[in-house]
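Working notes, beginning with the structure itself.
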Amino acid sequence: MHSYAGRIDMPAEHECKSLPLHSRLFLFLSATVLSTAVVGPIGYAICAGLAVYALKGAKESVEALSVLGFLIILNKDLSSFDISLVRWPILFAAALRLGWESALQDTVNPPISKSLFLLAVVVLVLSLLVSSIPAVSVLKIVSFTMGVGSILVGLYRTAHLREYWLSWFITMALFIIFASLPMYATSLGYGVRGSGTGFRGILNHPQTYGPVLSPLAALLTGLALFEGKRTWPILAGAALAWSGIYMSESRTALLSLVLGCLVAGMVAFMKSSWRIVLWQVLTRPVAFIVLFCVLVVGGLYWNGVAGHLTEFLLKDEGEASVTASLEDSRGGLIKRSLANFRAEPITGIGFGVPSEYALLRVQTGALGMPTSASTEKGFMPSAVLEEVGIVGAIFTLWFILCLVMPVISRGSITILWTLSSCLAVNFGEMVFFSVGGTGLFLWLLMGFCYMYAISAPRVPLRMVSCRLDSATSIAP
């Protein structure tokens, strides 16, 4: 297998073919949405089936978790069953299957698993020492380690299916984007009570739809720009993803997408192989035409463009400045987190503990055991320092570096852009340690980026003149 460094590797049998999509996955997601919308309780049967399916093997575990990630963020007006409790059997089944393979079979774990294990142990010890609600802290530590560990291990053990997983996540991205199109014409597709008028499509909230679309837009746009995969679903999906981010009115989504692009661009300029790919894209005639059109339109209609951008950043803040609007939405959360950090700088206040106890929303299941404990924290650096202190922050940073460095050294511009966008979402909405909401879906994408990079063959640089044909092959 040969590759053009800086590009996503394509095996020889696929080099001159368009990227296949998973028609069966597309049909399964469609049937799931329609059936749960008509008969809500059928969702429980689907989740039970996913738990059994996850026991089959590593590949099936990741597939089940990815469908679970979608169901968790699905629009609750389209899916009336409560997934907060039934998601646990799927997580346990995936962890049990992969743990059994580790214990009884000759299997290997990804290098990052050591840093994840160290982080979990350190955070658990710190939380047991200082947490005011240890049951919640333990729940969150266990669910985070179990969920993220299963994703990373499952994808790593199926790294030989790297092109399969690329097609799998592209199919999920296109389903979310295209299935949301009819929602533009109905009230079901717009903001829930108290969240404004942003578009949420088939997902449960505008502030979910936007952040989920951010890395998906990076993936699809990168495929079109840097990988030569310019089939109509990829191009249409990329355009609709960018539009969906704007319609969601999610500032976090737009800023994370742009920040991820800047990170990938800066790394590309520092890596010679990536710089060649980037230069080829920027020097194409179509790039000059697009840039010229953007400058002309921006110059002629600057007041209108600036007005729409300002309105997007301000949302409903009236005459406030953009800086003041961002301060109002996230500044208070950051101040409370930093105040708690200053009170307990070494150990923090406990993993998953809210800045104010009144903000904690605990859901309980059988026997009164907590099944979910959501808190709102907007800025990841201050939230990490608040919850696990300097000690925990060091191990968290080490874990992130173990996640990112293989993507920089062996990945592609597209993969780094996707991963960076996932991480940058946490600068506006802290979901890094969560596997009970948007965090699970983003971790599936981050796990895919890590696997795709670390499994890339180390091969010499060569030019690939092949171009994928314009037709899209739909294959199961």
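Each value in this text was obtained by applying a stated rule to the coordinates, not by laboratory testing. Predicted, not measured: the structure shown is a model, and the values here were computed from it. Cβ placement follows ideal geometry from the backbone for every residue including glycine, while neighbour counts extend to all protein chains displayed.
Between amide H atoms placed 1.01 Å from N, distances below 5 Å from Leu203 occur with Asn75, all of them 5 or more places distant or on a separate chain. How big is the Kirkwood radius of the stretch 207-269, worked out from every pair of different alpha carbons and given in Å to one decimal? Taking every pair of different Cα atoms in the stretch 207-269, averaging 1/r and inverting gives 11.7 Å. Charged neighbours of Ser127, selected by a Cβ distance under 13 Å, balance to -2 (K, R count +1; D, E count -1). Considering only Cα atoms, the convex hull volume of the stretch 63-166 works out to 124 Å³ per residue.
Annotation: amide H-H contacts under 5 Å for Met430 (H modelled 1.01 Å from N, sequence separation of 5 or more, or interchain): Lys377, Gly378, Phe379. Listed peptides 115-127, 86-98 appear in the order 86-98, 115-127 once ranked by packing, highest mean of other Cβ atoms within 10 Å at the front. If you take all other residues with their beta carbon under 15 Å from the beta carbon of Gly265, and give Lys and Arg +1 and Asp and Glu -1, the sum is +2. Cβ under 15 Å from Ser61's Cβ, Ser61 left aside: what net charge do those residues give with Lys, Arg +1 and Asp, Glu -1? Summing Lys/Arg as +1 and Asp/Glu as -1 gives +2. When peptides 218-227, 267-276 are ranked by their average number of other Cβ atoms within 10 Å per residue, the highest-first order is 218-227, 267-276. Backbone amide hydrogens, once placed in the peptide plane, bring His22 within less than 5 Å of Thr171, excluding anything fewer than 5 places away on its chain. Put simply, the C-alpha atoms of the stretch 124-268 give a gyration tensor, and the ellipsoid matching it has half-axes of 30, 24, 15 Å, longest first.
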